[in-house]
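Please read the structure below before turning to the comments.
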Amino acid sequence: MAKKKKSYLLLPFVVGFIGALVFGWGLFPKMLFSEKQQPFWFSHISHVEVVGMDCYDCHYYYEDGSFSGIPTTEECSACHMDVMFDDPDEIIFVEQYVWEEKEVPWLIYQKQPDNVYFSHIAHEMYDCQTCHPAVETAEAWPKYYENRLTKYSRDTMKMWECERCHAETGTSNACYVCHK
Amino acid sequence: MAIYKLKEFKIKWGMVIDLDKCTGCGACMISCQAENNMAPMPDATDKLYSMTWMLVYRLSNGKPFPDHDIAYLPRPCVQCGNPNCVPVCPVIATTKDEEGGIVSQISPRCIGCRYCMAACPYRARYFNWHDPVWPQGMEKTLTPFTSTRPRGVVEKCHYCHHRFKAAKEKARYDGRDPNKLDEDDYTTACAQNCPTGAITFGDLMNPEHKVAKLAKSPYAFRLLERLGTDPQLYYMSKREWVRRQGDNYLEHEPTKGV
Ligand code: SF4
Ligand code: SF4
């Protein structure tokens, strides 16, 4: 009798524990992040392999050493003044952005908060994919998850990741190396 | 005596301010506020609430006419070699740990306890009592280089640290060593905009930089030097009474300098 009573006593704890695990590992991350869609598909492959462009044609350094990042609509319209290939994504780009003179609101997987400083040229010796998803070989956009509370991308590099690499390579981890 | 272990730096960004050249015009204060994204103050005459990382003080020799004389003393954060503000911070929001010796202030980390403000003997730190508000249209003057600070945190001068980073990026682009910057690569907004050229900026450890020479001038002195804070900011004046106000001298003590 006494034994049976004990197991009943434990039951709510076991159920609670499993429930907490399911909530913590399964449900909470789903609730915290919402999946977002990029405005339209852009193929790096067709620009590099078909048109024969170089990465640096769009992603280059300015003379002051700062990085250009994503090209502006104006830069793209050097070629895409009009629809050239009758591709549904190109039609969206040309009609909704080039002709409207609007910038494309791309979702940036690694966008950092305002108080973080990052110098691309100081990290030039690393492959882009060390930090960025490999979009240059992708056939579709990687999934973009936005944190509902902070509005940051789930894949934004965390401070401990920056610090770990700095520590491993003997680079300073002083606050002002990465903050402004 | 330092409470915590001080770092040795090969580069020490510093300033020499010639108080005989300063006219007290306040261009340094304004350039600092514009450069570092400060919102216009609701009442800038209210010194309890105004944010002035760079502040110009008026000194007087206290004598009646015709011997009366005044001087103006611009005071940013003096970037102490032995900063009092750093060891008191409970959350390590302020440190002196980067090559160059600039004392950092990470406002998102600051909990607003204001211990550092009490500790700083130069009153170089400011507390955000209010959220910054930019009147409509003026938000266009904001730059991406300095992060804005919200209500409830402390801020202070950082020698336009973003310009230091920009100078290193440019050096990398040109294929130069980012740790061997020239004098012209990096300067602060106040030094750049001072109309009389009273502020000289550079590396105190590099004998080729003007500041290194000026800091050794017999007319050079540092504020409250005998506290042992070892500031990276020097003043100079040929007027003895100005130098004498830079520290707490006993009556019989001679003033530092010639
Ligand atoms: S006010 Fe901020 S920076 Fe100053 S001691 Fe407190 S937490 Fe540190
Ligand atoms: S002047 Fe004040 S704020 Fe600046 S380093 Fe010295 S103690 Fe800290």
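Values computed for the structure shown
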| quantity | calculated |
| --- | --- |
| B:Glu99, sole failed condition from (1) farther than 27 Å from B:Asn179 by Cα; (2) more than 8 Å from ligand 1 (Cβ to nearest atom); (3) surrounded by fewer than 21 Cβ atoms within 10 Å (Cβ to Cβ) | (1) |
| Residue in segment B:85-94 that is farthest from the other protein chains (Cβ to nearest Cβ), counting only those that are within 22 Å of A:Pro113 (Cα to Cα) and surrounded by fewer than 20 Cβ atoms within 10 Å (Cβ to Cβ) | B:Val91 |
| Any hit, segment B:184-192, residues being buried (at least 16 other Cβ atoms within 10 Å of the Cβ) and within 14 Å of chain A (Cβ to nearest Cβ) | yes |
| Test: residue in segment B:125-146 that is more than 14 Å from every other protein chain (Cβ to nearest Cβ), modelled with pLDDT of 95 or more and open to solvent by 80 Å² or more (accessible area, probe 1.4 Å) | no |
| Number of the exception - B:Cys113 against (1) under 22 Å from B:Met205 (Cβ atoms); (2) more than 11 Å from chain A (Cβ to nearest Cβ) | (1) |
| Matching entry among B:Ala93, B:Ala71, B:Ala44 (being touching a strand residue (DSSP E or B) at 6+ places or on another chain (Cβ under 6 Å) and small (Gly, Ala, Ser)) | B:Ala71 |
| Selection count where residues are within 13 Å of chain B (Cβ to nearest Cβ) and either farther than 26 Å from B:His162 by Cα or aliphatic (A, V, I, L, M) (or both), scope segment A:89-137 | 4 |
| Segment B:113-130, residues that are near ligand 1 (Cβ under 8 Å from one of its atoms) and within 14 Å of B:Val86 (Cα to Cα) | B:Cys113, B:Arg114, B:Tyr115, B:Cys116, B:Met117, B:Ala119, B:Arg125 |
| In segment A:55-75, residue farthest from B:Tyr186 (Cα to Cα) [restricted to those that are open to solvent by 90 Å² or more (accessible area, probe 1.4 Å) and within 12 Å of another protein chain (Cβ to nearest Cβ)] | A:Tyr62 |
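The values are calculated or read from the model by the stated rules, or taken from the named source; none is laboratory data. The model shown is predicted, which means the values in this text are computed figures rather than measured ones. Here Cβ is always computed from backbone atoms with ideal geometry, including for glycine, and neighbour counts include all displayed protein chains. Note: areas computed on protein heavy atoms with side chains; ligands, DNA, RNA excluded. Shrake-Rupley method; radii C 1.70, N 1.55, O 1.52, S 1.80 Å.
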